[in-house]
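Right, one structure below, let's go through it.
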């Protein structure tokens, strides 16, 4: 078996490696032959893969979230590396160290927790602070384990907290420049805006959507949770709770992006831009990992299918 990591794969490689299946989609060719589109990964990187003419007994065996031994060839497809699966072999999951196959935040969990705690302590409004602390207590350690998204940005263990901390830095910088911004609302909105993803996803390791996530989405899930906590704190009729709910409901910025309402407070408007900035920087940085200086990325779906130049 090869010890080569996914980040070191090059075109023309023929490898026998253990990899985790993090995504699996079934398909049928124009000729009626079944195939699988897979995402395979180790702790260093993920790679898209095709498994053509897959046998039904093998298709039934393969499961998202499990590690298998793959015989693969590495090809170049649309300027990106892609694996072609030749064979796959089951291995004992008891012998697997999952840390070898999952992505982790580049920032230590204790540092993430400290940064978010400092931001909470900046909130001076007692009602806002109570609501934020109650939400953090409800979700507890999960905030530091779950990703911020299944694929697009910060899609690794601790990604949600990493995304939140990045936004906190931007939010504080903007609030320093513009004194008309209510820092309490802005920081609170940043800290809580994506907590519903903890219930939207099934697991922090292999991120699939829960039934609630599919039927309700993280925005609606969190709005219901905020209202529930507001009632427990006897703050359900407070303006603070209403404003925080509005910030959560509007933070995607547009209704076609999943927000049921548009931002209609200054802090809600700023929140959606900060969210967008941090996510898009992460998307572009991730694409730059695959190319050298002086090259263009491939088309990035989340960036309107644009390509980006990595300057020297």
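The values are calculated or read from the model by the stated rules, or taken from the named source; none is laboratory data. Here the structure is a predicted model, which is why all the values come from computation and not from measurement. All Cβ positions, even for glycine, are placed from backbone atoms using ideal geometry, and neighbour counts span all protein chains on display.
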Study note, to complete from the structure: Every listed condition ((1) assigned by TED's automatic domain parsing to the domain that holds residue 184; (2) surrounded by 12 or more Cβ atoms within 10 Å (Cβ to Cβ); (3) over 20 Å from the mean Cα position of the chain (by Cα)) holds for residue 126 save (2)
Review point. Which of the residues spanning region 62-76 are over 17 Å from residue 86 (Cβ atoms), in contact (Cβ under 8 Å) with a residue 60 or more places away in the chain and touching a strand residue (DSSP E or B) at 6+ places or on another chain (Cβ under 6 Å)?
Key: 64
**Study point:** Flag for residue 195 being at pLDDT 95 or above and closer than 30 Å to residue 67 by Cα
**Key:** yes
Check your understanding: Any residue at all in region 257-279 that is touching a residue at least 12 places away in the same chain (Cβ under 8 Å), more than 28 Å from residue 186 (Cβ to Cβ) and in a loop (DSSP other than H, G, I, E, B)?
Key -> no
Review point. When residue 131 is evaluated against the numbered criteria (1) surrounded by fewer than 18 Cβ atoms within 10 Å (Cβ to Cβ); (2) in contact (Cβ under 8 Å) with a residue 12 or more places away in the chain; (3) in a helix (DSSP H, G or I); (4) more than 19 Å from the chain's Cα centre (by Cα), which criterion, by number, is the only one it fails?
Key: (1)
Point to revise | Residue satisfying condition, being closer than 25 Å to residue 301 by Cβ and at pLDDT 95 or above, within set 37, 29 | key: 37
Review point. If a residue has to be without any contact (Cβ under 8 Å) to a residue 12 or more places away in the chain, touching a helix residue (DSSP H, G or I) at 6+ places or on another chain (Cβ under 9 Å) and assigned to a helix (DSSP H, G or I) to count, how many in region 243-256 make the cut?
Key: 0
Practice item. Could you run through region 185-227 and say how many residues are out of contact with any helix residue (DSSP H, G or I) (no Cβ under 9 Å at 6 or more places or on another chain) and surrounded by fewer than 18 Cβ atoms within 10 Å (Cβ to Cβ)? Key: 5
Point to revise | Residue that is farthest from residue 150 (Cα to Cα) [pool: residues in region 280-301 that are part of a helix (DSSP H, G or I) and modelled with pLDDT of 90 or more] | key: 288
Study note, to complete from the structure: Just one listed residue, out of 155, 182, is touching a helix residue (DSSP H, G or I) at 6+ places or on another chain (Cβ under 7 Å), surrounded by 13 or more Cβ atoms within 10 Å (Cβ to Cβ) and in the same structural domain as residue 269 (by TED's automatic domain parsing), and it is 182
Practice item. For region 133-143, state whether one or more residues are in contact with a strand residue (DSSP E or B) (Cβ under 7 Å, 6 or more places away or on another chain) and not assigned by TED's automatic domain parsing to the domain that holds residue 58. Key: no
